[in-house]
Amino acid sequence: MTHAIRTVTAGIVAAVAAVCLLGGCAGGPKSGTPPAAAKAIQPAPAPTPESAQAATAAATAEVVAAERAFANTMATRDFKRFITFLSPDAVFFSGNAVKHGAAEVAEQWAPYFDSPQAPFAWAPDHVEVLASGTLALSTGPVYQKGKLVGRFNSIWRLEAPNTWRIVFDKGEAVCGASP
């Protein structure tokens, strides 16, 4: 009986090996032909200078629009909308104070929305966007009662499709102007 078990076992092993070898040959690529998956994976074509410029121009226009909409929250006294422009990671500088996170920034800015008249206004006059299209600098004048008193510098980050939020903001007084 031991001889019979060995013979059956050897036969099974030989059959399994033959199936594996045949399956491996039948399922494998023919000589010199890459597998279908290798054919499907190809590097993306490099963007042309024109398409890269168009993408940067589009991102710049988005940031200009976001900055103007952000400034409009002050003009229209819309504090709830103001908060939507703040990244959760926002860092705002004000004099020697630095506020971290949207909640701290909102708490610091809330008093600016208390009166019916906006205490100041701003508008972008220059925006630069990284070639990646995910980070931008917006800068421009700050006016108080129609008088130039400073310049703001804001760093915007693309945090979701078509959603730019401020991650850094710092204003500076202009020479001869009090903040």
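A Cβ-based charge dipole, computed about the Cα centre of region 49-173 with Lys and Arg at +1 and Asp and Glu at -1, lands at about 360 debye. For residue 69, neighbours were defined as the other residues whose beta-carbon sits under 12 Å from its Cβ, and their charges (Lys and Arg +1, Asp and Glu -1) total 0. Report the paramagnetic label zone for residue 170: residues of region 87-124 whose backbone N is under 13 Å from a point 7 Å from Cα along the Cα-to-Cβ axis. It comes to 91-99, nothing else.
How large, in Å, is region 49-173 by the Kirkwood hydrodynamic radius built from its alpha-carbon pairs?
Numbers: mean 1/r = 0.0674 Å⁻¹.
One over the average 1/r among Cα pairs gives 14.8 Å for region 49-173.
Model label sites at residue 160 and residue 42, defined 7 Å from Cα along the beta-carbon direction, differ in position by 3.5 nm.
Read-outs throughout are calculated quantities, based only on the coordinates presented, and are distinct from any laboratory measurement. Quick caveat, the model's predicted, so the values are computed rather than measured. Every residue, glycine as well, gets a Cβ built from its backbone with ideal geometry; the counts of neighbours run over all protein chains shown.
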